[in-house]
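The values are calculated or read from the model by the stated rules, or taken from the named source; none is laboratory data. These numbers were taken from a predicted model, which means no experiment stands behind them. Methodologically, a virtual Cβ is constructed for each residue, glycine included, from the backbone with ideal geometry; neighbour enumeration extends over all protein chains shown. When the accessible area is computed, the model is the full protein with side chains, heavy atoms only, and any ligands, DNA or RNA have been set aside. Shrake-Rupley method; radii C 1.70, N 1.55, O 1.52, S 1.80 Å.
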Amino acid sequence: MDRIPITFEGQVLYARRGESLAAALIAGGVRHFRETRNGACRGLFCGMGVCQECLVEIDGRPNQRACMTKVVTPMRVARSLADATLPLERSRSEPVEETQVETPDVLVIGAGPGGLSAALSARQAGARVVMLDERSLAGGQYYKQLSVEGPDIAPPDRQHREGARLIAEVRAAGVELIGDALVWGAFEPGEYGVAIEGRSQRWKPRCTVIATGAYERGWAVPGWTLPGVMTTGAAQTLWRTARRLPGRRVLIAGNGPLNLQLAAELSAGGAEVVAVVEAAVAPGLAQLGDLLRMACLVPRLLLDGLGYRLALRRGKGRMIHGALVAGIEARGESLHVALCRADGQPLADAFEVDCVCLGYGFEPANELLRALGCGHDYDAARRQLVTRRDAQGQTDIPGVYALGDCTGLGGAKAALAEGRVIGVEAARACGYRPSAALRRVHDAALVELERQRAFQSALWSLYRAAPKPPSAGGCLVCRCEEVSFATLQEALDEGFSTLGAIKRHTRIGMGRCQGRYCAATLDERLCALTGQTRSDTSGFAPRLPVKPVSITELAGTAEKQR
């Protein structure tokens, strides 16, 4: 197995070829990646390129996301400092050329389960299909593929293998799959700005399938910005892509089955998972009906869940129901975690760990959909916007289809079935006639979709909870701009009552993550104050570019890096 040297602040670490820089640094004992303007330390948080907390300097290039940087050659890495002088970007000297325009029949944005199945169906119907994904490896968050190999690497599991088979099938069908493609903008009526290999391109497909997934909701309690505190998804990415543990002694907290799956995976990898802290109450006789429905609908998924629970018990980890993380405090090299009940009453339980994984629900990654003007409705039960679509997955913008968790949480298995349906419909909209065999697949997928949705309904009835972090004035609501709840309350007390006014007055939402981790919290507070309901017109307006892209990339003059 290749070992690649990384020089980090004078210390030489060794990475496995193909793993992310973030995985290599954490394996080398580095948790502190950057410093804020106020001198606070930050580390890996989301693990998927959304939060911008893992920015480092690589070979003199500042503000590089460690979680999205693959190690293939030796690197010199340094922490990012807020007051550092930024060098001029290297660029080619030739004149800027006219932006390249690509016009496939169907453009699929996002190579997760739903996007992959949609691309496959559309291609099988005869359409020319191109799939773009920001990551170098397809699979999305559910089918995360191993990026390393070697005799000491745990082999791929069933979930890995299922994803690999689907990816291979998509490629064999003739879908053009482009990784490291950053879709940074969406413009009416259906045009997209994409950065690939240092150049921005314009994409004007006949139809688009948007399958950009979701990211985990922030859990704004004291200490949630400390290095060593990360989302459940970030920890799972470390393990499932690089076979790296986020820490040796881990506490996992949140709401939903993903937390139990992570506990089982980390325990199998050698971590000590001290507890899984679940916001929902322990299931009892009242939930027996939901369990029976789940067993009848998709027995394998229910058995998987029971297996995760048994794995936690075998590892001597505790399962604590009806509890929340109330605060996290750094004590030397450890993190001290305090718990409370849903009503904020403190619990006696406390833990000393070196990693805390938080998974308190998801926010749909719907920035492109909102930028296009697609309508959304608020789902009060899930506390998220749900994309307005018809039965074929088309939004209220002609030629724009959407599926999966970017439209509202539905699960990977539902997205797979939904993709089969929507891929056929997108090809039909381009004038292609699916074969009789493909029409049968389409009809079977509709039946499977209803089954998976029924399973998800029973599952979330079992995990029913509406966890909200206990209020703490000194806690940061906006981790990018380091704005506290106390500052927010002062603005409200001074009479600022619109999102825009509060944003201008306090800088909440002006940071690198573009409000992804504070907008929902702020919107909920304002709606509670004014008696309004969240909608597609509340919250921050989509801001372009939706992901960080350099000026030289926009101009098409950036040098390709690695």
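Please determine whether any residue of the range 407-428 is closer than 24 Å to Thr103 by Cβ, among the acidic types (Asp, Glu), in contact with a strand residue (DSSP E or B) (Cβ under 8 Å, 6 or more places away or on another chain) and without any contact (Cβ under 8 Å) to a residue 40 or more places away in the chain.
From the range 407-428, those closer than 24 Å to Thr103 by Cβ are 419, 422-428; that's our starting set.
Remaining after also requiring among the acidic types (Asp, Glu): 425.
After this cut, where a residue has to be in contact with a strand residue (DSSP E or B) (Cβ under 8 Å, 6 or more places away or on another chain) as well, the list is 425.
From what is left, the residues that are without any contact (Cβ under 8 Å) to a residue 40 or more places away in the chain are 425.
Yes, because at least one residue in the range 407-428 is closer than 24 Å to Thr103 by Cβ, among the acidic types (Asp, Glu), in contact with a strand residue (DSSP E or B) (Cβ under 8 Å, 6 or more places away or on another chain) and without any contact (Cβ under 8 Å) to a residue 40 or more places away in the chain.
Just need a number here: residues in the range 478-491 that are free of Cβ contacts under 8 Å to residues at least 24 places away in the same chain and part of a helix (DSSP H, G or I). I'd like the intermediate steps shown before the answer.
Start the filter on the range 478-491 by keeping residues that are free of Cβ contacts under 8 Å to residues at least 24 places away in the same chain, which leaves 484, 486-487, 489-491.
When the remaining residues are screened for being part of a helix (DSSP H, G or I), the result is 486-487, 489-491.
Residues meeting the conditions: 5.
Does the range 203-213 include one or more residues that are in contact with a Lys or Arg (Cβ under 8 Å, 6 or more places away or on another chain) and of a type in the set (Gly, Ala, Ser)?
Here is the first cut: in the range 203-213, the residues in contact with a Lys or Arg (Cβ under 8 Å, 6 or more places away or on another chain) are none.
No, that holds for no residue.
The rows are residues; the columns are (1) surrounded by fewer than 19 Cβ atoms within 10 Å (Cβ to Cβ); (2) hydrophobic (A, V, I, L, M, F, W, C).
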{"site": "Gly307", "(1), (2)": "yes, no"}
{"site": "Glu333", "(1), (2)": "yes, no"}
{"site": "Pro346", "(1), (2)": "yes, no"}
{"site": "Asp349", "(1), (2)": "yes, no"}
{"site": "Gly359", "(1), (2)": "no, no"}
{"site": "Ala380", "(1), (2)": "yes, yes"}
{"site": "Arg389", "(1), (2)": "no, no"}
{"site": "Asp405", "(1), (2)": "no, no"}
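Here's a check for you: in the range 544-553, which residue that is part of a loop (DSSP other than H, G, I, E, B) and over 18 Å from the mean Cα position of the chain (by Cα) is modelled with the highest pLDDT?
Let us first name the residues in the range 544-553 that are part of a loop (DSSP other than H, G, I, E, B), namely 544-550.
Keeping just the survivors that are over 18 Å from the mean Cα position of the chain (by Cα) gives 544, 549-550.
On the way: Leu544: 89, Val549: 86, Ser550: 82.
My answer is Leu544.
In the range 174-218, what residues are modelled with pLDDT under 95 and aromatic (Phe, Trp, Tyr)?
Correct list: Phe187 only.
Could you tell me whether any residue of the range 12-33 is in contact (Cβ under 8 Å) with a residue 12 or more places away in the chain, within 25 Å of Arg507 (Cβ to Cβ) and in a loop (DSSP other than H, G, I, E, B)?
Looking for residues that are in contact (Cβ under 8 Å) with a residue 12 or more places away in the chain, within 25 Å of Arg507 (Cβ to Cβ) and in a loop (DSSP other than H, G, I, E, B), one finds at least one in the range 12-33, hence yes.
Conditions tested, residue by residue: (1) in contact (Cβ under 8 Å) with a residue 40 or more places away in the chain; (2) of a type in the set (A, V, I, L, M).
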| site | (1), (2) |
| --- | --- |
| Pro222 | yes, no |
| Ala234 | yes, yes |
| Arg249 | yes, no |
| Ala295 | no, yes |
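For the range 144-184, which residues satisfy the criterion of being among the β-branched types (Val, Ile, Thr) and under 26 Å from Arg65 (Cα atoms)? Outline the logic, then answer.
Here is the first cut: in the range 144-184, the ones among the β-branched types (Val, Ile, Thr) are 148, 153, 167, 170, 175, 178, 183.
Passing the criteria: Val148, Ile153, Ile167, Ile178, Val183.
With the structure loaded, tell me whether Phe45 is aromatic (Phe, Trp, Tyr), open to solvent by less than 50 Å² (accessible area, probe 1.4 Å) and in contact with a Pro (Cβ under 8 Å, 6 or more places away or on another chain) or whether it fails that test.
On the way: aromatic (Phe, Trp, Tyr): yes; open to solvent by less than 50 Å² (accessible area, probe 1.4 Å): yes; in contact with a Pro (Cβ under 8 Å, 6 or more places away or on another chain): no.
Judged against the criteria, Phe45 is not a match.
Please identify the pairs in which a residue from the range 499-512 that is free of Cβ contacts under 8 Å to residues at least 60 places away in the same chain has its Cβ atom under 8 Å from the Cβ atom of a residue that is in a helix (DSSP H, G or I) and surrounded by fewer than 17 Cβ atoms within 10 Å (Cβ to Cβ), counting only partners at least 6 apart or on another chain.
What qualifies is Ile502/Leu492.
I'm trying to understand the selection: among the residues of the range 428-472, which are open to solvent by 40 Å² or more (accessible area, probe 1.4 Å) and not in a helix (DSSP H, G or I)?
Passing the criteria: Gly431, Tyr432, Arg433, Ser435, Arg464, Ala466, Lys468, Pro469, Ser471.
From the list Ile153, Ile196, Ile178, Ile167, which residue is farther than 29 Å from Glu363 by Cα and among the β-branched types (Val, Ile, Thr)?
Values: Ile196 fails: farther than 29 Å from Glu363 by Cα; Ile178 fails: farther than 29 Å from Glu363 by Cα; Ile167 fails: farther than 29 Å from Glu363 by Cα.
The conditions single out Ile153.
With the requirement that a residue be among the hydrophobic types (A, V, I, L, M, F, W, C), at pLDDT 95 or above and under 21 Å from Leu262 (Cα atoms), what does the range 339-358 give you?
Leu339, Phe351, Val353, Cys355, Val356, Cys357, Leu358 - these are the residues of the range 339-358 that are among the hydrophobic types (A, V, I, L, M, F, W, C), at pLDDT 95 or above and under 21 Å from Leu262 (Cα atoms).
What are the residues in the range 34-59 that are among the aliphatic types (A, V, I, L, M), part of a loop (DSSP other than H, G, I, E, B) and more than 30 Å from Pro151 (Cα to Cα), if any?
Initial filter on the range 34-59 (among the aliphatic types (A, V, I, L, M)): 40, 44, 48, 50, 55-56, 58.
Okay, now just the ones that are also part of a loop (DSSP other than H, G, I, E, B), so 40, 44, 48, 50.
Answer for the range 34-59, where residues must be among the aliphatic types (A, V, I, L, M), part of a loop (DSSP other than H, G, I, E, B) and more than 30 Å from Pro151 (Cα to Cα): Ala40, Val50.
For the structure I just gave you, tell me whether Val400 is of a type in the set (Val, Ile, Thr) and crowded, with 23+ Cβ neighbours inside 10 Å.
Yes; evaluated as a whole, the condition is true for this residue.
Please work out which one of (1) within 29 Å of Ala214 (Cα to Cα); (2) outside any loop (DSSP other than H, G, I, E, B); (3) at pLDDT 95 or above is the condition Ser80 fails and give its number.
(3)
In the range 492-537, how many residues are hydroxyl-bearing (Ser, Thr, Tyr), closer than 21 Å to Ser471 by Cβ and in a loop (DSSP other than H, G, I, E, B)? So that I can check it myself, show each step before the final result.
Taking the range 492-537 and keeping what is hydroxyl-bearing (Ser, Thr, Tyr), we get 497-498, 506, 517, 521, 530, 533, 535, 537.
Next, from what is left, pick out any that are closer than 21 Å to Ser471 by Cβ: 497, 506, 517, 521, 530.
Now restrict to residues that are in a loop (DSSP other than H, G, I, E, B): 497, 517.
Within the range 492-537, residues that are hydroxyl-bearing (Ser, Thr, Tyr), closer than 21 Å to Ser471 by Cβ and in a loop (DSSP other than H, G, I, E, B) number 2.
Just to be sure I understand, how many residues within the range 210-255 are among the polar types (S, T, N, Q) and under 30 Å from Val130 (Cα atoms)? Working first, answer last.
Keep residues of the range 210-255 that are among the polar types (S, T, N, Q), which gives 212, 225, 231-232, 236-237, 241, 255.
With under 30 Å from Val130 (Cα atoms) added as a condition, the list becomes 212, 236-237, 241.
Qualifying residue count for the region: 4.
Within the range 484-539, count every residue that is surrounded by fewer than 16 Cβ atoms within 10 Å (Cβ to Cβ), under 28 Å from Gly185 (Cα atoms) and small (Gly, Ala, Ser).
Of the residues in that region, 3 qualify.
Here is a list of conditions, (1) touching a residue at least 60 places away in the same chain (Cβ under 8 Å); (2) at negative phi; (3) open to solvent by 20 Å² or more (accessible area, probe 1.4 Å), and Gly315 meets all of them except one; can you say which number that is?
Among (1) touching a residue at least 60 places away in the same chain (Cβ under 8 Å); (2) at negative phi; (3) open to solvent by 20 Å² or more (accessible area, probe 1.4 Å), the lone unmet condition for Gly315 is (1).
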